[in-house]
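The values are calculated or read from the model by the stated rules, or taken from the named source; none is laboratory data. For clarity, every value in this text was computed on a predicted model and none was experimentally measured. Counting neighbours? That spans all protein chains shown, and the Cβs are built from the backbone with ideal geometry, glycine included. Only protein heavy atoms, including side chains, enter the accessible area calculation; ligands, DNA and RNA are left aside. Shrake-Rupley method; radii C 1.70, N 1.55, O 1.52, S 1.80 Å.
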There are 2 protein chains.
Amino acid sequence: MVIDCHGHYTTAPRELEAYRQQQIESLKGSSHLSTGATLKITDDQIRESLENAQLKLQRERGIDLTIFSPRAVGMGHHIGNANTSIEWSRVCNDLIHRICQLYPDNFVGVCQLPQSPGVAPGSCIGELKRCVEELGFVGCNLNPDPSGGHWSDPPLTDPWWYPLYEAIVELNVPAMVHVSGSCNRNFHATGAHYMNADTTAFMQFLTADLFKDFPSLKFIIPHGGGAVPYHWGRYRGIAQDLKRPPLPQHLLHNVFFDTCVYHQPGIDLLTKVIPIDNILFATEMVGAVKGVDPETGHYFDDTKRYIQAVSWLREEDRHKIYEGNARKVFSRLNQKLLGRRP
Amino acid sequence: MVIDCHGHYTTAPRELEAYRQQQIESLKGSSHLSTGATLKITDDQIRESLENAQLKLQRERGIDLTIFSPRAVGMGHHIGNANTSIEWSRVCNDLIHRICQLYPDNFVGVCQLPQSPGVAPGSCIGELKRCVEELGFVGCNLNPDPSGGHWSDPPLTDPWWYPLYEAIVELNVPAMVHVSGSCNRNFHATGAHYMNADTTAFMQFLTADLFKDFPSLKFIIPHGGGAVPYHWGRYRGIAQDLKRPPLPQHLLHNVFFDTCVYHQPGIDLLTKVIPIDNILFATEMVGAVKGVDPETGHYFDDTKRYIQAVSWLREEDRHKIYEGNARKVFSRLNQKLLGRRP
């Protein structure tokens, strides 16, 4: 079985964006937004938005299941306040839930958290619990910079985050470290802010002892780990200079990388440098890069092709990357899948 | 000949740091710093600071010449104001000049610019000209984020920077994109801020038309280009989605990468993905990673070993990486070297 651990609902009907714009407009004036009234998306619209996009690509590429969450750039935690974020997160997570009900074999949910800059992350626990316990979600996306490119909140290793981590650990779900859009014009969202956040989070983990406090807390660093695997020697060296333990024992029980790296040499490096047990298959389709690579004639984000082409991977390695590691990291997904098969 | 295009004076006598601390202290109170009086470093101290460090490593590794600039983390553009920065830059650049006079065969200077957050970069032109025209420097380090991790100034492609670029082009020197320390606790300097800045700068160049306005402007992106080569497929794909020209014609006449990547798989990827004409040899010794890699028994930052070990590089490729490309990018260095040899 092939599990894509990183997919966002990037193809939602335009009603969702219209709703969001209405919500943002309502922040400016005194008008009050009546949420329930304004968003109407039918099941048929949802089906239509997926059939020719994610579902078609799943079939074409031989992907069985996508771990699916709201559009990352759309989370926009920096917009409005905590209430804005809670309202918007519920709407987006509910849509994911409907998708998972319509296509229970194809999608399993991961939630957006109602983060807001300067607001203690414990405020997200309610929505996290709702998504996991009531909607059957198996993980969450955690934004290390809810300010959207200003990095004004404490690092991920600060006790500021601990109440949320306690809930995450108690619920037994992993968190994917995933920023949203950037409102700092220095940072292009998918070309710079995403990569930077991945790299930054890893380095925060390296310099702290977070996993002594939370030995079972699990993070997935997406986009192939940002700059980290390419500079693995640098990180091993910095860790050594700082008298940290070697990275495998210091971080790799808790930190995992996905395979959203869109060319063969990148996947070659990732699978050479990072232990196989720490790599989870992912495409992030339909996402940051939508086109076909003229050099190969295949979609840039068809990462399964690259993994198939790595000559030194054994079948058991590919099994771990495609399925085994995801089942371990997303324990609740594994429970679901075990329950499914008689 | 082997030219290391990226070295900083990280081993300066402690008097330099004491001077800087005194300067910073003077910002707090009303006391006025009398600069010239407080910094005294003898030629012997300079020799001592280099003989067992950079010079020893040059000899051991077979490096002929290092393009040498003040310590990057020490630039601290976010500290104090424009005057602080001018005073400090002059002191640091003058030290580099003394080194180049003491060891004219081993070092050629690159200057720190007196940037300051919120201050138009044109203010750096005077010091740049002094360093190039009077001290014989061949390039400059340009900080894309003088705020030190808050990214509060405009992107490198904004006209804000154009007056400085005009001077850089007129003087015919390249700029290495290099941040300094981070005063944002989210970003570890050498582990996150450096990488992020490299990635960010590349993406700024990708989305703009800076090199239409400045066809001969040349940037070196250090640390192997941050996350860029590892994600080269992503960047090719984003460029294509954004209807930008293919990266080689869009950026690679103007943007170069150094080889500060501290393990074999990283250098393998870099030399596979980036055209050889765009790669400049560098170590950044004695820098971010000072230790010996227990897996190889050699210094992490002994990047020449990795380049030697890349099986598909021909001798002419290595010649370009070690010397030829540096002579092209640092035109003034080439002039110097041509002048040297009878």
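Kindly indicate whether residue A:236 is in contact with a Pro (Cβ under 9 Å, 6 or more places away or on another chain) and either surrounded by fewer than 23 Cβ atoms within 10 Å (Cβ to Cβ) or within 12 Å of chain B (Cβ to nearest Cβ) (or both).
Judged against the criteria, residue A:236 is a match.
Output the number of residues of region B:178-198 satisfying the condition of being among the hydrophobic types (A, V, I, L, M, F, W, C), more than 7 Å from chain A (Cβ to nearest Cβ) and crowded, with 24+ Cβ neighbours inside 10 Å.
Going through region B:178-198 one residue at a time, the tally reaches 2.
Got at least one residue in region B:58-71 being modelled with pLDDT under 95, among the small types (Gly, Ala, Ser) and not in a strand (DSSP E or B)?
Just the residues of region B:58-71 that are modelled with pLDDT under 95, to begin with: none.
The answer is no, given that none of the residues of region B:58-71 is modelled with pLDDT under 95, among the small types (Gly, Ala, Ser) and not in a strand (DSSP E or B).
With the requirement that a residue be more than 8 Å from chain B (Cβ to nearest Cβ) and touching a helix residue (DSSP H, G or I) at 6+ places or on another chain (Cβ under 7 Å), what does region A:283-310 give you?
The answer is A:283, A:285, A:286, A:298, A:302, A:303, A:304, A:306, A:307, A:309, A:310.
Kindly establish whether residue A:244 is closer than 29 Å to residue B:303 by Cβ, buried (at least 23 other Cβ atoms within 10 Å of the Cβ) and out of contact with any strand residue (DSSP E or B) (no Cβ under 6 Å at 6 or more places or on another chain). Step through it out loud before you land on a result.
Working: closer than 29 Å to residue B:303 by Cβ: yes; buried (at least 23 other Cβ atoms within 10 Å of the Cβ): no; out of contact with any strand residue (DSSP E or B) (no Cβ under 6 Å at 6 or more places or on another chain): yes.
Considered against the rule, which asks whether it is closer than 29 Å to residue B:303 by Cβ, buried (at least 23 other Cβ atoms within 10 Å of the Cβ) and out of contact with any strand residue (DSSP E or B) (no Cβ under 6 Å at 6 or more places or on another chain), residue A:244 comes out as no.
Mind listing whichever residues of region B:328-342 are assigned to a helix (DSSP H, G or I) and surrounded by fewer than 17 Cβ atoms within 10 Å (Cβ to Cβ)?
Quick first cut of region B:328-342, residues assigned to a helix (DSSP H, G or I) only: B:328-329, B:331-340.
Within region B:328-342, B:328, B:334, B:335, B:336, B:338, B:339, B:340 qualify.
Sort out which residues of region A:36-57 are surrounded by 15 or more Cβ atoms within 10 Å (Cβ to Cβ), at pLDDT 95 or above and not in a helix (DSSP H, G or I), and write them in order of number.
A:41, A:53
Give region A:209-231 a look and list any residue that's within 11 Å of another protein chain (Cβ to nearest Cβ) and either of a type in the set (Ser, Thr, Tyr) or open to solvent by 20 Å² or more (accessible area, probe 1.4 Å) (or both), or say none.
Step one: of region A:209-231, the residues within 11 Å of another protein chain (Cβ to nearest Cβ) are A:223-231.
A:230, the sole residue that qualifies.
Could you pull out every one of the helices (runs of 4 or more DSSP H) wholly within region A:110-228 that has 1 or more residues that are touching a Lys or Arg at 6+ places or on another chain (Cβ under 9 Å)? Please lay out each step first, then the result.
Values: elements: A:125-129, A:162-171, A:194-207, A:210-213.
Result: A:125-129, A:162-171, A:194-207.
Any idea which residue in region B:254-282 is farthest from the other protein chains (Cβ to nearest Cβ), counting only those that are part of a loop (DSSP other than H, G, I, E, B) and among the hydroxyl-bearing types (Ser, Thr, Tyr)?
Residues of region B:254-282 part of a loop (DSSP other than H, G, I, E, B): B:254, B:259-263, B:274-275, B:281-282.
Retained after the next criterion (residues that are among the hydroxyl-bearing types (Ser, Thr, Tyr)): B:259, B:262.
Working: B:259: 12, B:262: 4 Å.
Restricting to residues being part of a loop (DSSP other than H, G, I, E, B) and among the hydroxyl-bearing types (Ser, Thr, Tyr), the top hit is B:259.
Among what's in region B:283-313 and is open to solvent by 10 Å² or more (accessible area, probe 1.4 Å), part of a loop (DSSP other than H, G, I, E, B) and among the β-branched types (Val, Ile, Thr), pick the residue that is modelled with the lowest pLDDT.
Of everything passing the filter in region B:283-313, B:286 is modelled with the lowest pLDDT.
Among the residues of region B:13-35, is there at least one that is under 22 Å from residue B:173 (Cα atoms) and in a helix (DSSP H, G or I)? Lay out the reasoning, then the answer.
Taking region B:13-35 and keeping what is under 22 Å from residue B:173 (Cα atoms), we get none.
Scanning region B:13-35, I find no residue that is under 22 Å from residue B:173 (Cα atoms) and in a helix (DSSP H, G or I), so the answer is no.
Among the listed residues A:93, A:141, which satisfies the condition of being open to solvent by less than 10 Å² (accessible area, probe 1.4 Å), in contact (Cβ under 8 Å) with a residue 60 or more places away in the chain and closer than 19 Å to residue A:20 by Cβ? Step through it out loud before you land on a result.
Numbers: A:93 fails: in contact (Cβ under 8 Å) with a residue 60 or more places away in the chain.
None of the other options fit; the residue is A:141.
Looking only at region A:239-253, decide whether some residue is outside any helix (DSSP H, G or I), within 10 Å of chain B (Cβ to nearest Cβ) and of a type in the set (Lys, Arg). Show your work before the answer.
Looking only at region A:239-253, we keep the residues that are outside any helix (DSSP H, G or I), and these are A:242-246, A:252-253.
The next check asks that each one be within 10 Å of chain B (Cβ to nearest Cβ); those that pass are A:242, A:246.
Going one step further and asking which of them are of a type in the set (Lys, Arg), we end up with none.
For region A:239-253, residues outside any helix (DSSP H, G or I), within 10 Å of chain B (Cβ to nearest Cβ) and of a type in the set (Lys, Arg): absent.
Mind checking which residues of region B:237-269 are under 18 Å from the mean Cα position of the chain (by Cα) and more than 26 Å from residue B:214 (Cα to Cα)?
B:260, B:261, B:262
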